[in-house]
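All remarks here apply to the structure that follows.
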Amino acid sequence: MQREKVVIIGSGPAGLTAALYTARANLNPVVIAGPQFGGQVAPTHEIENYPGFPGGSGTELIEIMKGQAERFGARIEMDVVLSVDFSAGSPFTVRTGNVEYLADAVIVTAGASPRLLGVPGEAEYTGRGVSYCGTCDGFFFRGKRIVVVGGGDSAIKEALFLTKFATHIDVIHRRDTLRAEAELQKRAFAHEKIDFIWNTVVERIDGANGKVTSVQLRNLQTGEVRQYPTEGVFIFIGHEPNNALFKGVLAMDEHGYLITDRHMMTSVEGVFAAGEIQDPIWKQVATSVGQGTAAAMAAEEWLAKREAAMAAAQERQKQA
Ligand code: NAP
């Protein structure tokens, strides 16, 4: 059993910011990094919209954040939380495969993961032509024709990145307008390697000899179904909060995002949350950093009040 003042679950921008702030508040936080150190930002090829960071990869940004938090004493454990027990209130139990932590306060920053299409062939060909990460897998599609599924910022940003490798990219979108920000749309529409297939969904991913060879497309307006040849399918259709540990433990909205109050406190007093696990709307590095800051400051304040209340109670007991 390892006693801690603050345990932070997750190591994306929200978690590392919460680590920086709680470390500077002398709370000696431990961050349990989770299955992907740095969260979704880590594999991002280019971050251009985080103020003060004029441009660079997600890995670079995360390394800077990690170094800054560690400089003030935060400890970052490359470990994965397997279960939590918040039922008895503070101190809370957080278990990994190696350690059982007992924490006065917990900050949950477990983030989100890519949403799956859920069509036949997707699971079978993941890693064999189906990908959710351009930065990780783009290189393998050098000189190939690929499709990108989705119409949001991720899809368009990744399609633009993948033009470095692929000879041609079709963006397959279920509507006829994009959700992506205007600047990304402008760049994609102007790009000679990118075309759009509108009002269309991927119904199946087909392949041969362990590799993707085509997708079955359905036009939602005409109902036309056709087989479309491609060697790669990059899927960017949003994210799902990583809430499996917290089902039946912390209150969630109908989409599975943790519900927090204005002080980033979850439904359990002393458990705070920040970043994409509780943010169904903004999902930017900058907003996650802001939420991580707020959660850390709120946790610090809550711990100080709790300590003062406990000291006062002890004093009353002594006098009684
Ligand atoms: P998103 O904004 O939710 O977009 C998801 C896209 O996938 C939408 O176009 C949606 O179509 C489509 N989609 C959803 N489910 C689908 C399905 N089952 N089949 C086919 N298409 C489906 O997700 P995102 O692009 O991952 O972005 C998530 C958040 O991160 C957003 O807030 C975004 O602004 C932010 N982000 C920002 C940047 C940046 O550089 N600023 C980069 C990446 C992400 P509809 O449009 O019809 O709903």
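The values are calculated or read from the model by the stated rules, or taken from the named source; none is laboratory data. All values reported here derive from a predicted model rather than from experimental measurement. Ideal geometry is used to build each Cβ from the backbone, glycine not excepted, and the neighbour counts take in all protein chains shown. In case anyone asks, the SASA skips ligands and DNA or RNA and just uses the protein heavy atoms, side chains included. Shrake-Rupley method; radii C 1.70, N 1.55, O 1.52, S 1.80 Å.
Overview of values
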| quantity | calculated |
| --- | --- |
| Only one of Gly52, Gly97 that is open to solvent by 50 Å² or more (accessible area, probe 1.4 Å) and in contact with a Leu (Cβ under 7 Å, 6 or more places away or on another chain) | Gly97 |
| Of the criteria (1) touching a residue at least 24 places away in the same chain (Cβ under 8 Å); (2) among the small types (Gly, Ala, Ser); (3) outside any loop (DSSP other than H, G, I, E, B), which one Ser214 fails | (1) |
| Output for the stretch 42-58, where each listed residue is hydrophobic (A, V, I, L, M, F, W, C) and either more than 10 Å from the ligand (Cβ to nearest atom) or part of a loop (DSSP other than H, G, I, E, B) (or both) | Ala42, Phe53 |
| Filter pass, Glu70 being more than 16 Å from the chain's Cα centre (by Cα) and closer than 24 Å to Lys283 by Cα | no |
| Looking only at the stretch 141-178, and only at residues there that are closer than 23 Å to Ile205 by Cβ and basic (Lys, Arg), the one that is surrounded by the most Cβ atoms within 10 Å (Cβ to Cβ) | Lys157 |
| Complete set of residues in the stretch 100-131 that are in contact with a Gly (Cβ under 6 Å, 6 or more places away or on another chain), polar (S, T, N, Q) and either open to solvent by 20 Å² or more (accessible area, probe 1.4 Å) or part of a strand (DSSP E or B) (or both) | none |
| Cβ-Cβ under 7 Å pairs, at least 6 apart or on other chains, the stretch 268-282 side within 14 Å of Gln40 (Cα to Cα), far side among the charged types (D, E, K, R) | Glu276/Lys283 |
| Qualifying residue in the stretch 282-303 (condition: away from the ligand (no atom under 14 Å from the Cβ), of a type in the set (S, T, N, Q), open to solvent by 40 Å² or more (accessible area, probe 1.4 Å) and assigned to a loop (DSSP other than H, G, I, E, B)) | no |
| The stretch 1-27: number of residues that are out of contact with any helix residue (DSSP H, G or I) (no Cβ under 8 Å at 6 or more places or on another chain) and either surrounded by fewer than 19 Cβ atoms within 10 Å (Cβ to Cβ) or in a loop (DSSP other than H, G, I, E, B) (or both) | 5 |
| Residue under evaluation Phe72, criteria (1) open to solvent by 60 Å² or more (accessible area, probe 1.4 Å); (2) touching a Gly at 6+ places or on another chain (Cβ under 9 Å), criterion not met | (2) |
